[in-house]
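Enquirer: This structure is in structure tokens; I'll ask about it shortly.
The values are calculated or read from the model by the stated rules, or taken from the named source; none is laboratory data. It should be emphasised that the depicted structure is a prediction, and the values quoted were computed from it without experimental measurement. Here the Cβ positions follow ideal geometry from the backbone for every residue, glycine too, while neighbour counts run over all protein chains shown. These area figures cover heavy atoms from the full protein model, side chains too; ligands, DNA and RNA do not enter into them. Shrake-Rupley method; radii C 1.70, N 1.55, O 1.52, S 1.80 Å.
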Amino acid sequence: MPTACSLLAACAALGLAACGQAPTDRAIDTSASTATLRVCLPENDPPRAQRGGGGLDAGVAGDLAAGLGRRLTIVWLPEEEQTDIESTDIDFRPLFGGQCDLQLSVPTGAVERFRGWLVLSKPYYGAGFELIPEDSAFRFGSAFPGTVAVRANTVAHLALNAAGLDWSQQSSNAGIVQAVAEGRAAAGLVWGPQLAILDVDPNADFEAPPVLRWNLHAAFRRDTALRGDVDRLFASREFQAQVGKRLIEHRIPVRGPFESAHSTADLLAL
């Protein structure tokens with residue numbers, strides 16, 4: 001989601017947050033590039049992608065290109081200055097403008113604002129908030145005597161607050177890990193892919209409620225013929241096995257695609 005799913009990401013699902021200018025409804029001629037798969041990736045968003053350093057989606061893009069019989073061209077997108085905590089708005093303008101054929105790790109609901117211009121593939125993996133430490137006994141829906149560390153202005157923060165649980169506000173994912181390590185919090189909720197960067201293992205038995213988990217897709221312009229071919233790959237057992245290996249390779253929790261994931265109704269019910 002993208003990085004950790006913030007209130008901005010949640011608002012995007014409600015159609016309230018801007019992700020760049022709305023496109024004009026014009027076709028993009030891709031006939032000259034049918035032998036090439038052009039994938040837009042952020043140049044500094046580990047473990048998803050990092051220019052010169054690979055990443056999950058860099059690997060998935062290569063697997064896609066191979067499966068489609070195309071040459072891969074990665075279009076690296078410059079890092080944008082973040083103006084809000086865990087801002088995860090996706091800039092779809094390169095996709096609208098025809099610079100690339102698809103973008104990866106797009107959460108369900110992120111293109112609702114652009115319905116009619118963008119479409120999503122089938123999900124190829126799931127991600128959500130994960131629980132640390134490995135031996136934590138915290139569960140949603142049951143009493144918990146300790147404090148849960150969480151980043152403010154995230155859906156996890158809202159969920160803890162709605163459940164009436166004690167939480168401590170941290171300014172970063174590293175701060176959550178430190179709060180738990182120092183005993184200032186009994187548990188912590190961290191956006192799963194970020195655990196790879198923090199070198200922390202989650203509680204494998206923790207199951208986040210649907211409001212705290214997302215399915216991730218590829219996004220295309222509506223006028224592309226590529227979606228069907230990508231969907232067939234994503235739906236195959238062989239490709240799903242490849243994605244699982246990529247997740248393990250980059251130490252990202254292997255989750256999903258989920259049968260039930262974050263929805264607008266979940267958010268409004270908090």
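Enquirer: Consider region 73-111. How many of its residues are closer than 15 Å to P46 by Cα, at pLDDT below 90 and surrounded by 19 or more Cβ atoms within 10 Å (Cβ to Cβ)?
Expert: So the answer is 2.
Enquirer: Tell me which helices (runs of 4 or more DSSP H) are completely within region 158-252 and hold 2 or more residues being open to solvent by 30 Å² or more (accessible area, probe 1.4 Å) and within 18 Å of S136 (Cα to Cα), or say none if there are none.
Expert: Working: elements: 173-181, 195-198, 226-235, 237-249.
Once the helices (runs of 4 or more DSSP H) in region 158-252 are filtered for at least 2 residues that are open to solvent by 30 Å² or more (accessible area, probe 1.4 Å) and within 18 Å of S136 (Cα to Cα), what remains is 173-181.
Enquirer: Out of L14, L41, I need the residue that is touching a Leu at 6+ places or on another chain (Cβ under 9 Å) and at pLDDT below 50. Which one? Walk me through it before giving the result.
Expert: Values: L41 fails: at pLDDT below 50.
Sole residue among the options that is touching a Leu at 6+ places or on another chain (Cβ under 9 Å) and at pLDDT below 50: L14.
Enquirer: For a quick check of your reading: which strands (runs of 3 or more DSSP E) sit entirely within region 44-152 and have at least 3 residues that are without any contact (Cβ under 8 Å) to a residue 40 or more places away in the chain and among the aliphatic types (A, V, I, L, M)? Quick ask: steps written out before the conclusion?
Expert: Working: elements: 71-77, 102-107, 118-120, 125-132, 148-151.
Answer list for region 44-152: 71-77.
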